[in-house]
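One structure is given here, and the rest of the page talks about it.
Read-outs: derived from the displayed coordinates by stated rules, not from any lab. As the structure is a prediction and not an experimental result, all values here were calculated from the model. We place every Cβ from the backbone using ideal geometry, glycine too, and count neighbours over all the protein chains shown.
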Amino acid sequence: MTIDQEMKTRFKFVRTRRYLDADLELVLTKTTQADPVKKHVPGYEFEMRQAGKTATIGSIRLRIGRTRPLVGWCGHVGYGVDEKARGKRYAARSCRLIFPLASAHGLQTLWITCDPRNMASRRTCEIAGGTYVNTVRVPKGTEMYDQGRRWVRRYRFDLRRLLSNAPRAFTDRGG
C-alpha cells in the first residue's frame, strides 16, 4: 500500500488492554488518525507510569503502517524516559509491551530508529530484541531532517519470533 493509499483509508484502532510489566504500566493517552498533509500514519500514544501511580515517567508512541519513511528512517516506535526514571529499562520494557498491539494490526516486522550517538537508545533496541541492520542518512526535506537529524541507526524487530518467545505478560491479549 502506498503512503497516499494509507492516508486515504480510515484507520480502525483496536481495543487496547492493560499494559503492565511488574512496576511499569502503559496508559493510552491518545490515538491519532493519519494526517495526509504531514504524511503521518495513524498511531497510539502512551504514558509510562510506575504501576499504581499517576505521575508520568516517560512516553512511547506506536505508528501503524508500512510506508517507506517508517521502514526507511522514521521507525514505528518513538520513546522517551524522564531523566529521574532512567536506568530501569522502562523504554525496552515498554517496547516489548506494545509489540502485541503492533501484531494485532498485522505488522510482522517493526522498525525502530535512533540517533547513532545515543548509546542508551541503541542499548534499548538491543535489549528489546532488535537486530541492528544499518545506519542511513535522513533524507533532505523531511520533518526529521528539518529538526536537525542527519543519520539514524535502523533496528529490525521480528514480531513473530519475539512474541513466540515472550513471557505471557508480553503476549496476553486479554482485557
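What separates the Cα centres of the stretch 65-121 and the stretch 31-48 is a distance of 14 Å. Note on the stretch 28-175: Cα convex hull, mean projected area over all directions, 9.2 nm². The stretch 1-112 has equivalent-ellipsoid semi-axes of 26, 14, 12 Å, by the square roots of 5 times the alpha carbon gyration tensor eigenvalues, sorted largest first. The Cα trace of the stretch 88-168 gives Rg and Dmax of 13.6, 43 Å, the first to one decimal, the second as a whole number. Between 142, 130, 91, the Cα set farthest toward the positive side of the dipole of the chain (charges on each charged residue's Cβ, about the Cα centre) is that of 130. Remark: the chain carries a charge dipole of roughly 260 debye about the Cα centre, counting +1 on each Lys and Arg Cβ and -1 on each Asp and Glu Cβ. Taking a straight line from the alpha carbon of residue 30, these lysines sit under 16 Å away, with near neighbours fewer than eight places off in the same chain left out: 12.
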